Structure formats: C-alpha cells, structure tokens
Amino acid sequence: MNSDAARADDEGRVFARVIWAIALGLLVFAAAQVAVALAIGNAHLFKDGVDWVYDVLLYGLAAATFGRGALLERASAVFIAAVMGAAGAHTLWDLADKIARPRPIEPLIFGFSAASAVVIALLIVAALWRFRASAHPLIEATWLSSRNDVLKTTFYVGLGFLARVAPQRWPEYALDVLMAAILFQASWRILARAVHDARKRSNGTGESGA
C-alpha cells in the first residue's frame, strides 16, 4: 500500500469516528431538549428540539454510508434531499400552527435555543476542520454543509431573535418562509443533480457505480 492510499485509509477511519460522534452527540442533545420541553410544557423548546432530528438523520446517514460504495452514497444523497424537503414542510406546518394559535414570545427560551444552535454548529465545524481539504466527495460535502450551517445559523438566529422580540410577528413568519425556501431549494438541487447523474450513467457517459 502506497503512502497516498495509507493516508486515505487513515483519513477515512478518523472521519467515520468523528461523523458517528457528531450524529450520536446531536441525538443525545435533541432527546434531552425534547424531554425538558415536555417536562415544562414549552412548545417553542419542543419544536426546536424536534428540529435537531433532521441533523441527526443527515449526519447519521453520512456515517452509515461512508465507504460503502458510490451507488449507496448516491442513494444517500437522494435521501438527504428528502430529509431537507421534509424539514421545509415541517417549517411551513409549524408556521401555519403559529398563525392559527399565536404563541407567547419567550426571549429566554429562544435565546437558549439560538445560543445552543450556534455553539453546536461551531463545534461541528471544529470537529470537521481537519477534513476541509479532503478530495473525497462525501467528506467534502459534509464539511461544506457544516461550514454553511455555521453561516446560516448565525445569520438566521440573529435575525430570528430580533424578529421574535419585535412588536409585530410578521418578521418571524417571513423568516420561517425564507428558511423553508432554502431547504426546498437545497433539496431540489440535490435531486436534480441525482437525476442528471442517472441519465449520464444510462447513456454510458458516467461512472458505473458500485
């Protein structure tokens, strides 16, 4: 085994451990937040805790499919697109519920959820930092996703906090629509790329995949 192959194997083993740790850590945090929300009967905290399920699925899927063949990794990309679409639909469903049954503004609860989201996003980026230059498609995609999450979370949380403490509720609702649109756009982009790759393979111009 040459040095490049050895480095790739080492990188793969470390990445697998890191990505599993991220997925399991998010699962524990989400379960704890949901349990506390149920104990105190807080709808905001419960919804924010449930939202972590999507990240658990995304990172868990990356961990489960990493190194198991190009075909499985392509299938996981389609599933990730479906998860993003479901997250967008969930955001719109929650928005409709907030409009139908306005919830009290709770800056302290939102502040906790916002701060924890930013801190966790930063911790994930720190954990994946060593893989930022990797040429492996799944590793690169995971790193770019985590990097974008930091930017998106910081921006959205900052505006979201201002929206939730504003006298009117429409800024909060507008942010929910924007977040749903971002999720749907990402889902569509992944699906469109998957369809394009499938057509290339069927025409004999793409990789065989295994």
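Computed from the coordinates by the stated procedures, all read-outs in this text should not be read as laboratory data. Predicted model only: the values in this text are computed from it and were never measured. Because the Cβ atoms are built from the backbone with ideal geometry, glycine has one as well, and the counts that use them run over all protein chains shown.
What are the lysines whose alpha-carbon lies under 24 Å from the alpha-carbon of K47, with same-chain residues fewer than 8 places away excluded?
Correct list for K47: K98, K152.
What is the calculated FRET efficiency for L92 to A31, with r their C-beta to C-beta distance and R₀ = 30 Å, to the nearest 0.05? Walk me through the numbers on the way to the answer.
Working: r = 25 Å, r/R0 = 0.83.
Computed FRET efficiency for L92 and A31 comes out at 0.75.
Taking the simple approach of a point 7 Å from Cα along Cα-to-Cβ for both A133 and A100, what is their distance in nm?
In this crude spin-label approximation the distance works out to 5.3 nm.
Using the Cα atoms of the stretch 8-50 to build a convex hull, what is its mean projected area in square nanometres? Display every interim value, and only then the final one.
Values: hull surface 11.5 nm².
The Cα convex hull of the stretch 8-50, projected and averaged over all directions, gives 2.9 nm².
Using a simple charge model, +1 on the beta-carbon of Lys and Arg, -1 on the beta-carbon of Asp and Glu, nothing else, what dipole does the stretch 15-141 show about its Cα centre, in debye to the nearest 20?
It works out to roughly 200 debye.
In nm², what is the average projected area of the convex hull enclosing the Cα atoms of the stretch 3-202? It would help to have the intermediate numbers written out before the result.
Numbers: hull surface 47.8 nm².
For the Cα atoms of the stretch 3-202, the hull's average projected area reads 12.0 nm².
Provide the net charge surrounding L183, with neighbours chosen by a C-beta distance below 13 Å and charges set as Lys +1, Arg +1, Asp -1, Glu -1.
Spelling it out: positives minus negatives among the neighbours equals -3.
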